[in-house]
């Protein structure tokens, strides 16, 4: 494994004198790019320096300095550390930053999110609408001077809970007696709702015209937010010509639970249970990503035994995620319930282990800074061993035997194009979908975290980029995860499970950290900015589902509506993570 | 459970015709039929929906209690299982589904979020409990409730159904037509519950600007 190169080895300053400066704030790395030169520098970063994968775009509101910052994290698909570059602009409306969608189309949704939540206008963005909240909503919630209706104090623990313990019912403090915030002199009776005019206008603008080969009327169909095969409360507005999808716009935010805002009020420790509820199939992986990020900031070691426990849990989580993926895909393809019943049987066994170690089936809240919260008893290790050595390999083979050669399955999946490697990179897709398109990019190898460099496993990769490959790669990954767990069970040492003393408050030095892990759905990253206080200044989740979904319009245009459900299922989205 | 039998307990029916003859009241017959086939709306919102699915799989098997037939359309559903965080953006869709369900209909709030907003109550896009809009019959605590807890909640609902009487239920009461109809909320600068318009207007007039955004 090549040693991760420091970001500063890229000499952006020498290449662009006067346009780029180094970020010298303590705890920060990367470059500050002049707003005017952003596009030029971004093209060079992609083409000359080879950082072809733009994974995260987000904003930070530095209210005290009167600055708004947009942070970009770019990585190489050949592996190694990333390049952080940022733009700082005066915090005076309108805040305008050039859009990078022309260079990396994968920035699309993330820029829309920054507009929605922080009010940063991206000039040149083809479709800059609100994405998580609805059009017409008052204010940009993640700005530091914006306060939610149930606002109590800037940071937790709130004085009303501790030390005084006089909790007041939040509804009583709000003038509207509810979680509501209307502008002054608002009259609800005279209010004209916007009625999604802009959504349909945007759909109209992004629709292919007269290329479907049929001379029929185009009709607009709304799928969701209540639809059994949109994997939760996702909605898509589709323009159809016959059965061909001519235009498609996903509408999300139906499960926007304000993780970012709540995370900024929470102490570092309080956020761990919230991360459980991001991708609710994989609470272990989410914990892993978050604690890795904060540990990076705190610069603390992790107890040796805990590292192994973490890897075992994260890989078990990956196995049950992929099992569910297979079951749900079968549901979407029309073999209702039967395969799901098989996969849920195996999943229950894995959840039993989670329950035994953490006390909860789904929301494990298991990882802590420096280790994990409880030790694994030996009999549970034995149970894991029985599971990964005997039961799951046999059951995986069985499932493959039942399903893979099924005529209907092959007919639906084989040769139905999902995405090719070039487009997948352009759209910032990560995880199994990228690997099924032929790019062997797995963070466990490309930018190893925790102790993954100690294990012998292969990065699952397939090359066709069709749906069949996307389906089969899940089985490959299950097998690789089993290999990792087997090795971890052999190597796991005795010893303490946390390098730190248990504490309600952790000391986190000022600075920023971008921690990323290979979650079962792709790159799950957390961007945390600390100002040295007990609460994070900025807490941002970069979910795999959300960014992967950016490509859905590209994937589905020209496809058949019948395939849409399966194409969507292949991206393996989960709404808790997508909407946050 | 004694309650599950169709016959009333006080009648002595000879053993050899117990499966053929039942002596009972109309209420009991009616409720016995309804309680044994409560069809939930196939409707998941968040994390709780996964436990709802788990409750239907082989290990927990909700079908044992006669409520496994999930219907994707509200027109065929008897019960809405609000399984997860209710957000302001989603609320109009939920209300629409509820209004489309035919009577008799029940609402079960599954989990902390649906009951009260739960861990996300302070969030700006979160409705602090579905009971602000819909009449909830059973609340199931937990985050998320385990499948066992969900099944226990369903049995509670069955007990509630057992206690209802044709004479008093709202859906046969002429004067209470559409008593459960909920007007659609509007997504404006914030969520507008149209039943409370006057209240909002009054409070907004005295509102001191607390935000600059």
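What follows is calculated from the coordinates using simple rules that are stated; it is not laboratory data. Since the structure is predicted, the reported quantities are computational estimates derived from the model, not experimental observations. Note that each Cβ is placed from the backbone with ideal geometry, even for glycine, and that neighbours are counted across all protein chains shown.
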Original post:
Stretch residue A:190-residue A:145 to full length: gain in nm at 0.36 nm per residue minus the Cα-Cα span?
Top reply: 13.4 nm
Original post:
Expressed as an acute angle from 0 to 90° and rounded to the nearest 10, what is the orientation of the C-alpha long axis of helix B:91-100 relative to the principal long axis of chain B?
Top reply: 30 degrees
Subject >> For chain A: rounded, prolate or oblate by the Cα gyration tensor [a/c cutoff 1.5] >> reply: rounded
Original post:
Going by the alpha-carbon gyration tensor, a ≥ b ≥ c the square roots of its eigenvalues, is the stretch A:239-375 rounded (a/c under 1.5) or, if a/c is not under 1.5, prolate (a/b greater than b/c) versus oblate?
Top reply: oblate
Original post:
Which order do A:469, B:16, A:276 fall in if you start with the one that has the fewest other Cβ atoms within 10 Å?
Top reply: B:16, A:469, A:276
**OP:** Specify the inter-centroid distance of the stretch B:1-52 and the stretch A:282-304, based on alpha-carbon positions, in whole Å.
**Re:** 51 Å
**OP:** Find the centroid of the Cα atoms in the stretch B:100-149 and in the stretch A:47-95, then give the distance between the two in whole Å.
**Re:** 39 Å
Subject >> Per-residue Cβ neighbour rank within 10 angstrom, fewest leading, A:134, B:32 >> reply: B:32, A:134
Original post:
Can you give the extra length, in nm with one decimal, that the chain gains between residue A:382 and residue A:345 once fully stretched, where that is 0.36 nm per residue apart less the Cα-Cα distance?
Top reply: 11.4 nm
**OP:** Averaging sequence separations of C-alpha pairs under 8 Å and six or more residues apart, then dividing by the length of the stretch A:259-579, give the relative contact order as a whole percent.
**Re:** 27 percent
Original post:
When you look at the Cβ of every residue in A:249-259, what mean number of other chain Cβ atoms sits within 10 Å?
Top reply: 6
Original post:
How many angstrom separate the Cα center of the stretch A:188-204 from the Cα center of the stretch A:423-459?
Top reply: 41 Å
Original post:
Exposure proxy check: B:162, A:93, A:178 ranked by fewest other beta carbons within 10 Å?
Top reply: A:93, B:162, A:178
**OP:** Sketch the reach of a paramagnetic label on residue B:198 as a point 7 Å from Cα along Cα-to-Cβ, and name the residues of the stretch A:159-202 whose backbone nitrogen lies under 15 Å away.
**Re:** A:188-189
